[in-house]
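Just so it is clear, none of the values below were taken in a lab; they were calculated from the coordinates. Quick caveat: nothing in here was measured; it's all calculated off a predicted structure. Glycine also receives a Cβ, built like all others from the backbone with ideal geometry; neighbour counts cover every protein chain displayed.
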Amino acid sequence: MNRIDLDGQHAVVTGGAQGLGLAMARRFVASGATVTLWDMDAAQLAEARDALGSAATTIVVDISDWDQVDAARAKTEEIAAPASILVNSAGIAGANGPVETYDIAMWKKIIDINVNGTFYVNRALVPGMKDRNYGRIVNIASVAGKEGNPNAAAYSASKAAVMGFTKSLGKELAGYDIAVNCITPATAQTRILEQLKPEFIEYMRSRIPRGRFLEVDEAASMVAWLVSRENSFTTASTFDLSGGRTTY
């Protein structure tokens with residue numbers, strides 16, 4: 001594993017108690033950064049903090065609630081440091097089903113977490129980055145946002161929105177030393193699969209030319225560079241992690 005230089009950086013990682021978020025936090029710590037993990041699951045946050053050691057602090061927060069997000073920003077700055085890195089990994093897949101019978105409450109929940117939550121977290125942390133004229137932001141989208149998955153319209157729409165939001169924000173902040181990008185992973189081997197029907201999981205695997213799901217450490221390797229000072233030019237862009245499923 002190459003060591004990306006993140007010495008002196010502090011990262012906020014939402015959804016950091018498990019899966020992609022935890023893998024990225026682990027890679028950041030190995031690269032010299034400190035991290036604050038934001039997540040709803042207090043028990044898993046405690047386990048993640050124990051695994052990461054003294055470089056990690058944790059805050060229980062629901063990113064779909066603006067007041068909680070803004071309070072988490074203030075608490076992060078109080079107990080750790082202002083964020084120079086943000087990875088917004090929190091999100092849900094939701095249930096599968098056709099649009100004509102899809103549960104309206106589930107649709108709203110997916111949009112509230114995946115889209116509104118992404119907006120809230122960025123809204124909270126961008127002002128400090130602008131004041132310091134430095135920041136690196138990665139929002140986690142999905143290959144579903146590029147292609148759309150059948151019987152997953154809410155999730156696909158939410159991740160397409162994350163890509164559009166990221167490109168817009170990246171252009172807004174292009175005059176600062178702030179890079180805003182997103183990644184579009186294919187399905188990763190995480191607990192999000194527990195929310196999906198077996199036949200849908202197999203459908204997604206069959207679409208990946210590599211013939212397997214993404215490993216979380218593979219995503220962490222790409223993101224570690226995106227949040228480093230070496231990424232000084234690329235912004236408002238989407239980076240593919242689809243195992244060959246998409247080539248655009």
Worksheet item: Among D217, D41, D103, which one shows the biggest mean-square fluctuation in a GNM of the chain, springs joining Cα atoms closer than 10 Å?
Response: D103
Response to the item:
Expected sort for V29, V61, V12 with the fewest Cβ neighbours (10 Å cutoff) up front is V29, V61, V12
Discussion item. Please report, ordered by residue number, every helix of the chain (full DSSP H runs) that is 30 Å or longer along its axis going by C-alpha atoms and whose mean Kyte-Doolittle hydropathy reaches 0.0.
Written reply: none
Response to the item:
Fewest-first ordering of R207, R26, R3 by Cβ atoms within 10 Å yields R3, R207, R26
Worksheet, complete the sentence: For R229, placing the label point 7 angstrom along Cα-to-beta-carbon and taking the range 7-37, residues whose amide nitrogen sits under 14 Å are 7-10, 32-33
Worksheet, complete the sentence: For the range 92-98, in residue order, the Karplus 3J(HN,Hα) values (coefficients 6.51, -1.76, 1.60; θ = phi - 60°; whole Hz; Gly and Pro = x) are 10, 8, x, 7, 8, x, x
Worksheet, complete the sentence: Note, T58: beta-carbon cut-off 12 Å, +1 each Lys/Arg, -1 each Asp/Glu, net -2
Worksheet entry | Convex hull per residue volume in Å³, alpha carbons only, for the range 53-150 | 125 Å³
Worksheet entry | Rg/Rh ratio calculated on Cα atoms of the range 160-240 (Kirkwood radius) | 1.06
Worksheet, complete the sentence: At q = 0.11, 0.21, 0.24 1/Å the base-10 log of I(q)/I(0) from the Debye formula over the alpha-carbon atoms of the range 7-93 is -0.23, -0.90, -1.20
Worksheet item: Around E230, what is the net charge, scoring Lys/Arg as +1 and Asp/Glu as -1 over all other residues with Cβ under 15 Å from its Cβ?
Response: +1
Worksheet entry | Neighbour net charge for T247 - beta-carbon separation under 15 angstrom, K R +1, D E -1 | +2
Fill in: GNM result for the chain, Cα springs below 10 Å: residue of A105, A43, A30 fluctuating most strongly
A105
Response to the item:
On the formula 1/(1 + (r/R0)^6), with r taken between the Cβ atoms of Q189 and E100 and R0 of 35 Å, the FRET efficiency rounded to 0.05 is 0.65
Worksheet item: In the range 28-46, which residues have a backbone nitrogen under 19 Å from the label point lying 7 Å from R3's Cα in the Cα-to-Cβ direction?
Response: 28-35
Worksheet item: Counting other C-beta atoms within 10 Å, which of D39, D5 has the fewest, and how do the rest follow?
Response: D5, D39
Worksheet, complete the sentence: GNM of the chain, Cα pairs under 10 angstrom: of F28, F233, F200, the biggest fluctuation goes to F233
